[in-house]
Each structure stands twice: as structure tokens, then as C-alpha cells.
Amino acid sequence: MNSILKDVAAVKADHENVIGHLTWHSLSEMLITPNELKDKLILSGLGEGWMPNEIRLPDAFRRATSDKFKREVAPGVYENYMYREVVSTHEFVQRNLVCETKDTKGRRLNYHSDAGSVVLDRKTGQVDTGYVTATAEQLVRSAAQRFDIYRQHYGATTLRTMISNILKSMSPTPVRPSGGIYFVPKQFESKLISLVQLVTSFEKGEAEKIPLIDTRDMKNMITRKLHEHLQDTLRACESGIGDQMKKNELKPILLDAKRVVADFKQYESIITGDLKEMERCVSMIREKVGTALRNMES
């Protein structure tokens, strides 16, 4: 990242000679109510249309009972606590607190499948707990308290997905193999400003954007990164189809590939050099996506 920013920062930009922006963001663990998030989206100019789905009670319940706990009960002997779902109906969801006792060599010494239980009534939203030990009591009560919080708050994972979806609507191209830094074409500048404003309005959020200047070196870099992105997308499609992924696993890959192909036209004024290889890659992605989606529907 530092080498990229060093090259970019060396040139003074004005609005007329900017081809787009490099951008990145981060968000640490946090909680926010739906009303607070809606207000921030409206204030940023993005609008409430980007709001995540409403918080479902079963999802908040499972999130509240996803923690694990470990404690040493004797020299070299540990109790591992985790939740396992045992019943899920239209009326209720039950998750049991499992206690597994192991030694340092990984040998199982004991196993309790119902050291505790947490039951969600889907209709009333109430949670009942049960337990057989003091430790189990502490853990299931803590889970019930977390549920009361999670049913009223979005977490960082939901927010990161929302931010990613907003970014995807701006035809981004990753400029680093490990991800995290993206190029966004100039025509999305206003929307990118709003996204940066939104992310930085979160207590645990950071976001930046740096202009890229209309020079041959910068255009060559974006052309190269776009070509790499297209090739990676094609390989992902070929791998998903070849490995015969399940429909629910393959479909997001194909839909993302469709977006990448559609985004290609946003780069017509930026791309340099011979476009034949890039256009061939786009054509192959389009063909594979179309065939795969038709096969999934049949």
C-alpha cells in the first residue's frame, strides 16, 4: 500500500485531471441500532435504500449463542463449552450448551450434551434458560443478555457487508492482491464521498480516498489491475463450475462476475494499450456466467 500511495501523493491534483480515486476503509467491532444507521445513511446522502435487512430474532439468537468458553478444571484438564442447535421449528429454537472435557493431549474424558439450554420463543421473543452447574448458569444467562442486545443492534459484520455492497455499486477494481484497496472511477466521486462520510461517522470506522491523476503511468496501472481482476474473476467462475459447487455457493460468484463484466464499460476512457486480450476475457466470463445461470434454472 505504501508504494502505491507514495507514487500518487507526489502529484498535485485538481478536479479536471483526476481519473478516479484510490479508497480503503476499516471497521472495528461495534453495535448500532437500525434507527441510528438509517439516520447516518440519510445524512451521508446515500439514503435509507442501503439499509440491511431487518434483524430476525432467530439470527440474533444464534449470534448470541455462538461464543465458546474454555476453563482449566485440573492440571492439564480443560472444559470446553459451546452451543449446539437441537431443535428449530416455527414455534421455537433451542440451543444446548455442550460441555466437553479434554486433556492436553486432546483425549476426551467426558461429554455432556445438555449442560445448559437456551430456548427462543419465536412468537413472543422471550428466552428461557436451563442449566445444571454454576458455570453453565453463568454462560446461558450471559447468552440471554447478549440476545437482548443483538435483537436491537446491527453488528460490524452486517455493516461491513452493507459497505461492501455500496462500494460494489461504484465499479471498483482491487489494486492489491490481498484486497482492501480499490480504484473507483471519477464518475462515482460524489457517491464515494458519501461512503467515506458514512464510514467515518461510525465510532469505530475509518475511510480514506486519494485522487489518481490522468497520467500514462496511472492509466497503465489501472489497466493492469483491471486485467488482473478480470482474469481472477474468470478463474473463480471456472473453478466454481469445475468443482460443481452447490447452487447457493456458486450463484454469488456468478452474480459478482456479471457485475464485473457490466463495470467494464466504466473504464473505456481509462484503459490504455491493446484491449483485445481484456475484451476476450470479458467475453469468456459473460459466456460462462450465462451458461451456468441457465443450467441452474433448468
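The values are calculated or read from the model by the stated rules, or taken from the named source; none is laboratory data. Nothing here was measured: the structure is a model prediction, and the numbers come from that model. Ideal geometry is used to build each Cβ from the backbone, glycine not excepted, and the neighbour counts take in all protein chains shown. Ligands, DNA and RNA are stripped out before the accessible areas are found, and what is left, the full protein with its side chains, is counted by its heavy atoms. Shrake-Rupley method; radii C 1.70, N 1.55, O 1.52, S 1.80 Å.
Observations
- Candidate set from the range 86-108 (those that are more than 24 Å from residue 75 (Cα to Cα) and among the aliphatic types (A, V, I, L, M)); member that is surrounded by the most Cβ atoms within 10 Å (Cβ to Cβ): 93
- Qualifying residues in the range 119-136 (those that are under 20 Å from residue 150 (Cα atoms) and of a type outside the set (Val, Ile, Thr)) - the one most open to solvent (accessible area, probe 1.4 Å): 123
- Annotation: of all residues in the range 217-232 being more than 20 Å from residue 178 (Cβ to Cβ) and loosely packed, with under 15 Cβ neighbours inside 10 Å, the one that is nearest to the chain's Cα centre (by Cα) is 220.
- Once the range 200-216 is narrowed to residues that are open to solvent by 30 Å² or more (accessible area, probe 1.4 Å) and part of a strand (DSSP E or B), the residue that is farthest from residue 271 (Cα to Cα) is 206.
- Any hit, the range 137-153, residues being within 18 Å of residue 62 (Cβ to Cβ), out of contact with any Gly (no Cβ under 9 Å at 6 or more places or on another chain) and hydroxyl-bearing (Ser, Thr, Tyr): yes
- From 161, 173, residue being buried (at least 16 other Cβ atoms within 10 Å of the Cβ) and at pLDDT 95 or above: 173
- Counting the residues of the range 117-149 that are over 32 Å from the mean Cα position of the chain (by Cα) and in a strand (DSSP E or B) gives 2.
- As for the range 242-254, it holds no residue that is of a type in the set (Val, Ile, Thr) and free of Cβ contacts under 8 Å to residues at least 12 places away in the same chain.
- Residue within the range 38-47 that is in a loop (DSSP other than H, G, I, E, B), modelled with pLDDT of 95 or more and among the hydrophobic types (A, V, I, L, M, F, W, C) present: yes
- Sole residue being in contact (Cβ under 8 Å) with a residue 24 or more places away in the chain and either surrounded by fewer than 18 Cβ atoms within 10 Å (Cβ to Cβ) or in contact with a helix residue (DSSP H, G or I) (Cβ under 7 Å, 6 or more places away or on another chain) (or both), chosen from 81, 111: 81
- Of all the residues in the range 176-195, those that are open to solvent by 30 Å² or more (accessible area, probe 1.4 Å) and assigned to a loop (DSSP other than H, G, I, E, B) number 4.
- Test: residue in the range 142-154 that is farther than 23 Å from residue 29 by Cβ, open to solvent by less than 60 Å² (accessible area, probe 1.4 Å) and in contact with a helix residue (DSSP H, G or I) (Cβ under 8 Å, 6 or more places away or on another chain): no
- Qualifying residue in the range 254-266 (condition: modelled with pLDDT under 90, surrounded by 14 or more Cβ atoms within 10 Å (Cβ to Cβ) and assigned to a helix (DSSP H, G or I)): no
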